[in-house]
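Heads up: the structure comes next, in structure tokens.
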Amino acid sequence: MKQIALDIGLPTGPTLQNFFAGPNLAAYQHLGLWLGRGGAQVSRSPVPTYLWGASGSGKTHLLKAVREALREQGAVVGWLDAGVREPAEYSESWAAVLLDDVHLFTAVQQQAAFSWFVQAQALQRAVIGTGDQPPAALQLRDDLRTRLGWGHVFALAVLSEPERRAVLRQAADARGVFLGDEVMDFMLTRFSRDLPSLMELLDLIDAYALRTQRAITVPMIRAMMEES
């Protein structure tokens, strides 16, 4: 059955709080410690971090969560992804350099990423990158590829369907919401299956059910979709 992308959205961006770690707990904890979560004094290590995995494994979610957390701390970052056609010059005001989906970088973007990397390291600022392959397998210029593998490297795994179901069930129980098997099947086959989208969908379903005073069923979800 064709999946439907969830775009009836809430203004909920990627954060560490709404990331469901599952098999990716080591990377999640590493980034949390680096950010100084838990009220600890922030002393961000300049050692690079690289996250890699298949689409849907959560690497971009984590990178954007780091960006948001740094912004909340009052820090400015350098951000580069494949959509940035004309990368800016490196700024000494940046607390870190964040490179998303480096495997998609053009030659111009690779040059900028390498320049940012060198300057960040000279100033003892961290670089955090993501890609779909381990560093050694990336089809990038040698000097950038080797630097991405210098520090902490984490392989991220996509959550299995039982894990996604367990997360959905746990999140629903925390809201006092009952999701029957038919509803769960509908959510996992008709909408985007990545967890942030599923969590946003659950929020929408919960709010709609409260507003309309209806039990959560497949017909109720269809009615919500027709109103959106």
Subject >> Given (1) crowded, with 17+ Cβ neighbours inside 10 Å; (2) farther than 18 Å from residue 48 by Cα; (3) not basic (Lys, Arg), index of the condition residue 89 fails >> reply: (1)
**OP:** Sort through 60, 15 and tell me the only one that's outside any loop (DSSP other than H, G, I, E, B), within 25 Å of residue 200 (Cβ to Cβ) and within 19 Å of the chain's Cα centre (by Cα).
**Re:** 60
Original post:
Being closer than 24 Å to residue 20 by Cβ, touching a residue at least 24 places away in the same chain (Cβ under 8 Å), acidic (Asp, Glu) and part of a helix (DSSP H, G or I), is that true of even one residue in region 157-165?
Top reply: yes
Subject >> Tally of residues being surrounded by 14 or more Cβ atoms within 10 Å (Cβ to Cβ) and either modelled with pLDDT of 90 or more or among the β-branched types (Val, Ile, Thr) (or both) across region 17-34 >> reply: 8
Original post:
For region 127-156, how many residues are assigned to a helix (DSSP H, G or I) and of a type in the set (Gly, Ala, Ser)?
Top reply: 2
**OP:** Considering each residue of region 210-228, count those that are at pLDDT 90 or above and either part of a loop (DSSP other than H, G, I, E, B) or crowded, with 18+ Cβ neighbours inside 10 Å (or both), and give that number.
**Re:** 7
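One line per residue, one yes/no per condition, for (1) at pLDDT 95 or above; (2) in contact with a Phe, Trp or Tyr (Cβ under 7 Å, 6 or more places away or on another chain); (3) of a type in the set (Val, Ile, Thr); (4) closer than 30 Å to residue 215 by Cβ:
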{"position": "104", "(1), (2), (3), (4)": "yes, no, no, no"}
{"position": "108", "(1), (2), (3), (4)": "yes, no, yes, no"}
{"position": "111", "(1), (2), (3), (4)": "yes, no, no, no"}
{"position": "122", "(1), (2), (3), (4)": "yes, no, no, no"}
{"position": "142", "(1), (2), (3), (4)": "yes, no, no, no"}
{"position": "155", "(1), (2), (3), (4)": "yes, yes, no, no"}
{"position": "162", "(1), (2), (3), (4)": "no, no, no, yes"}
{"position": "165", "(1), (2), (3), (4)": "no, no, no, yes"}
{"position": "171", "(1), (2), (3), (4)": "no, no, no, yes"}
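Yes or no, residue by residue, for (1) in contact with a Pro (Cβ under 7 Å, 6 or more places away or on another chain); (2) in the same structural domain as residue 151 (by TED's automatic domain parsing); (3) not β-branched (Val, Ile, Thr):
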position: 48; (1), (2), (3): no, yes, yes
position: 57; (1), (2), (3): no, yes, yes
position: 61; (1), (2), (3): yes, yes, yes
position: 72; (1), (2), (3): no, yes, yes
position: 77; (1), (2), (3): no, yes, no
position: 80; (1), (2), (3): yes, yes, yes
position: 83; (1), (2), (3): no, yes, yes
**OP:** List the number of the failed condition for residue 124; all other conditions in (1) part of a loop (DSSP other than H, G, I, E, B); (2) under 23 Å from the mean Cα position of the chain (by Cα); (3) surrounded by fewer than 18 Cβ atoms within 10 Å (Cβ to Cβ) hold.
**Re:** (2)
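The values are calculated or read from the model by the stated rules, or taken from the named source; none is laboratory data. What you are looking at is a predicted structure, and each value in this text was computed from that prediction instead of being measured. Note that we place each Cβ from the backbone using ideal geometry, even for glycine, and neighbour counts take in every protein chain shown.
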